[in-house]
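Q: This is the structure, below, for whatever I ask next.
Just so it is clear, none of the values below were taken in a lab; they were calculated from the coordinates. It should be emphasised that the depicted structure is a prediction, and the values quoted were computed from it without experimental measurement. For neighbour counting, all protein chains shown are included, and Cβ atoms are generated from backbone atoms with ideal geometry for every residue, glycine included.
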Ligand code: 5GP
Ligand code: ZN
């Protein structure tokens with residue numbers, strides 16, 4: 001069963017993932033956020049964290065998003081630990097967001113890559 005959300009773009013891949021129109025491997029979900037495994041992982045741990053609301057990129061973030069962004073940043077270290085990233089400082093994780101074509105963004109729904117686990121990684 002699919003769920004229609006306010007702030008949903010029917011043509012957006014990650015909105016379709018949030019709505020369960022496209023399957024994904026869930027890491028975490030609450031009212032505001034969805035986290036799921038990247039389909040092409042670069043590292044032993046590699047998942048994406050997205051707001052459920054369709055925000056195209058970091059270029060679209062303004063002061064009105066401060067609360068949402070703060071809650072997302074506070075969630076990420078908890079999920080990194082839950083998914084098996086080793087503790088800081090010998091472990092840790094990489095947090096990455098690509099913005100726009102020159103920033104390497106392929107999916108235009110704001111997402112943070114969280115990567116970690118023992119080296120070497122496929123990339124990065
Ligand atoms: P970007 O290049 O926009 O920062 O990253 C997009 C990421 O989404 C890529 O790492 C890519 O592997 C991942 N991705 C693209 N399509 C899908 C999909 O259908 N399912 C999942 N789980 N990940 C996807
Ligand atoms: Zn979207």
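Q: Taking Rh as the Kirkwood radius computed over C-alpha pairs, what is the Stokes-Einstein D of region 13-116 at 20 °C in a medium of viscosity 1.002 mPa s, expressed in µm² per second? Intermediate values should be presented prior to the final figure.
A: Values: Rh = 14.1 Å.
It comes out at roughly 152 µm²/s.
Q: Normalised by the residues of the chain, what does the relative contact order come to in percent, with Cα pairs under 8 Å and at least six apart?
A: Details: 196 pairs, mean separation 36.3, N = 124.
29 percent.
Q: Grab the Cα-Cα distance for residue 26 and residue 82, subtract it from 0.36 nm times how many residues apart they are, and report the gain in nm with one decimal.
A: On the way: separation 56, 0.36 × 56 = 20.16 nm, distance 1.25 nm.
Going from the current span to full extension adds 18.9 nm.
Q: Can you give me the distance in nm between label points at residue 59 and residue 13, each placed 7 Å from the Cα along the Cα-to-Cβ direction?
A: With each label point 7 Å from Cα toward Cβ, the separation is 1.8 nm.
Q: Let me ask something else about it. What is the angle, in °, between the Cα long axis of helix 66-82 and the longest principal axis of the Cα atoms in the chain? Nearest 10 is fine, range 0 to 90.
A: 40 degrees
Q: Further question: If contacts are Cα pairs under 8 angstrom and at least 6 residues apart, what is the relative contact order of region 13-60 in percent? Please report the intermediate quantities before stating the final value.
A: Numbers: 52 pairs, mean separation 14.0, N = 48.
Over region 13-60, the number comes to 29 percent.
Q: Hey, quick one: spin label on residue 122, modelled 7 Å out along Cα-Cβ, who in region 32-46 has an amide N within reach, i.e. under 12 Å?
A: 38-46
Q: At 7 Å along the Cα-to-beta-carbon direction for both residue 37 and residue 68, put a label point, then send me their distance in nm to one decimal.
A: 2.8 nm
Q: With a cut-off of 8 Å between alpha carbons and a minimum separation of six or more residues, what is the relative contact order of region 56-124 in percent? Could you put the intermediate results ahead of the total?
A: Working: 58 pairs, mean separation 25.9, N = 69.
So the answer I get is 38 percent.
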